[in-house]
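Worksheet: one structure, shown below.
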Amino acid sequence: MTKRQYYVIDAFATERFQGNPAAVVLDADGLEPATMQAIAAEFNLSETTFVLPPETDEAGFRFRWFTPTTEVSMCGHATVAGALALCDAGRIERIGNEDVSVVVDSRSGHLGLHLESLPRQPMKRMIWLDMPTPRLTNEDISPDKLAPMLGLDIDSFDASLPLVRTQEDDVLLFVNDVQAVNDARPDFAGLKDFQNERRMRGLCVSTVSTITPSIHTQSRFFAPAAGVNEDPVTGSVHGPLCAYLVMQGRVALTDGLAALQCVQGIPGGRSGVIFALVQPQGDGRHEVRIGGQAHIVMKGTILS
């Protein structure tokens with residue numbers, strides 16, 4: 001039987017057992033998609049990264065991501081986890097504490113990954129991910145539809161930030177304050193049907209009225225249609241989310257760059273911190289880089 005090394009890594013976490021856990025399977029070449037899906041279901045984490053040989057000369061690796069029920073085209077926290085696994089396994093060449101960058105192929109195109117040592121903490125790393133260029137479109141879902149599915153009063157919604165849909169088919173919904181974020185009690189069965197009907201991957205419920213000015217947004221993310229009722233920390237949604245806040249003038253620019261600190265978590269459960277850098281371009285696009293820390297929790301071998 002073929003033995004394949006795997007990791008379980010907590011991403012966007014300041015320490016172990018926080019943030020969002022992801023599995024990473026190295027040397028996944030030769031695995032059929034159905035087998036990848038079965039392995040992801042066996043891990044039963046929100047995402048599993050499968051590391052494959054690159055398909056282009058520009059990339060060092062190729063990533064595929066699976067939830068327990070489906071393959072997805074983009075996953076931030078599992079990409080960060082994949083970078084740390086490759087570094088730990090010696091697959092990314094890194095001399096001492098030097099910073100290093102690598103490009104990975106994916107269904108979302110080329111993704112740049114950057115590993116940086118933290119000042120005065122050489123054993124800790126910040127892992128940055130260059131996000132696909134956000135593409136946002138207006139979303140015509142009536143709050144009357146969403147309020148009962150979320151267990152919220154319609155007056156909880158922030159009308160100053162209209163609903164938008166991202167290129168990953170996530171819908172961004174803003175509420176008035178952190179209390180409303182935490183009070184959401186979704187009807188996951190009803191929300192799953194609604195997301196399937198509307199061809200949505202997930203719903204991000206967020207607020208800009210946080211408990212401290214150092215936190216720019218606090219969120220929760222619900223994706224029952226993708227097999228994940230609630231994701232603790234969702235990297236892929238924060239690229240479009242942070243770009244949208246900059247577009248709406250909710251975050252100031254310094255020398256043409258906006259820096260954000262974002263919190264996402266399950267009330268009473270896991271939570272994590274995502275940092276983001278957003279740079280508006282002259283043609284209306286916004287370049288976004290998200291980052292955070294990650295910590296290895298487990299290593300093992302899969303027999304296949």
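Only the coordinates and a few stated rules stand behind these numbers; no lab work does. Predicted model, so just to flag it, every value in this text is computed and none were measured. Note that we place each Cβ from the backbone using ideal geometry, even for glycine, and neighbour counts take in every protein chain shown.
Here LYS299 is the anchor, and the lysines within straight C-alpha reach of less than 29 Å, apart from those fewer than 8 places off in the same chain, are LYS3, LYS124. Among the trypsin sites (Lys or Arg not before Pro) in the range 196-252, those placed in a DSSP loop whose Cβ has at most 10 other Cβ atoms within 10 Å are ARG199.
Among LEU173, LEU31, LEU245, which one moves the most in a GNM of the chain with springs linking Cα atoms closer than 10 Å? Largest GNM mean-square fluctuation: LEU31.
The angle between the Cα long axis of helix 33-43 and the longest principal axis of the Cα atoms of the chain comes to about 70 degrees, rounded to the nearest 10.
Computed over Cα pairs, the Kirkwood radius of the range 122-188 leads via Stokes-Einstein (1.567 mPa s, 4 °C) to a diffusion coefficient of 92 µm² per second.
Find the eigenvalues of the gyration tensor of the Cα atoms of the range 163-304, then list the square roots of 5 times those eigenvalues as equivalent ellipsoid semi-axes, largest first, in whole angstrom. For the range 163-304, the semi-axes come out at 25, 20, 17 Å. Entry note, the chain: the mean residue ellipticity at 222 nm calculated from DSSP H runs of n ≥ 4, each adding -39500 (n - 2.57), is -6000 deg cm²/dmol after division by the residues and rounding to the nearest 500. Comparing LEU26, LEU146, LEU84 in a Gaussian network model of the chain, where Cα atoms under 10 Å apart are tied by springs, the biggest mean-square fluctuation is seen for LEU146. Each Lys and Arg adds +1 at its Cβ and each Asp and Glu adds -1 at its Cβ; summed about the Cα centre, the chain shows a dipole of about 540 debye.
By DSSP, the beta bridges lying fully in the range 136-213 are antiparallel in about 50 percent of cases. Taking the Cα centre of each part, how many Å lie between the range 22-91 and the range 222-239? Centre-to-centre (Cα) distance: 17 Å. Under a Gaussian network description of the chain, with springs only between Cα atoms under 10 Å, the residue in SER214, SER117, SER46 that fluctuates furthest is SER214. Put a dot 7 Å past the Cα of ILE154, heading toward its Cβ, do the same for THR254, and the two dots end up 4.2 nm apart. For the range 212-295, the Cα gyration tensor yields ellipsoid semi-axes of 24, 14, 11 Å (square root of five times each eigenvalue, largest first, whole Å). Note: the range 50-103, Cα convex hull, 94 Å³ per residue.
Entry for the chain at q = 0.10, 0.11 Å⁻¹: log10 I(q)/I(0) = -0.52, -0.63, Debye formula applied to identical alpha-carbon scatterers, no solvent contribution. Of VAL205, VAL237, GLY249, which is farthest towards the positive pole of the range 154-304's charge dipole, taken about the Cα centre with +1 and -1 on the beta-carbons of Lys, Arg and Asp, Glu respectively? Towards the positive end, the residue furthest out is VAL237.
The loop-placed GluC sites (Glu not before Pro) in the range 1-62, going by DSSP, that have at most 13 neighbouring Cβ atoms within 10 Å of their Cβ come out as GLU15, GLU55, GLU58.
Using the alpha-carbon positions of the range 1-44, Rg (one decimal) and Dmax (whole number) come out as 12.3, 37 Å.
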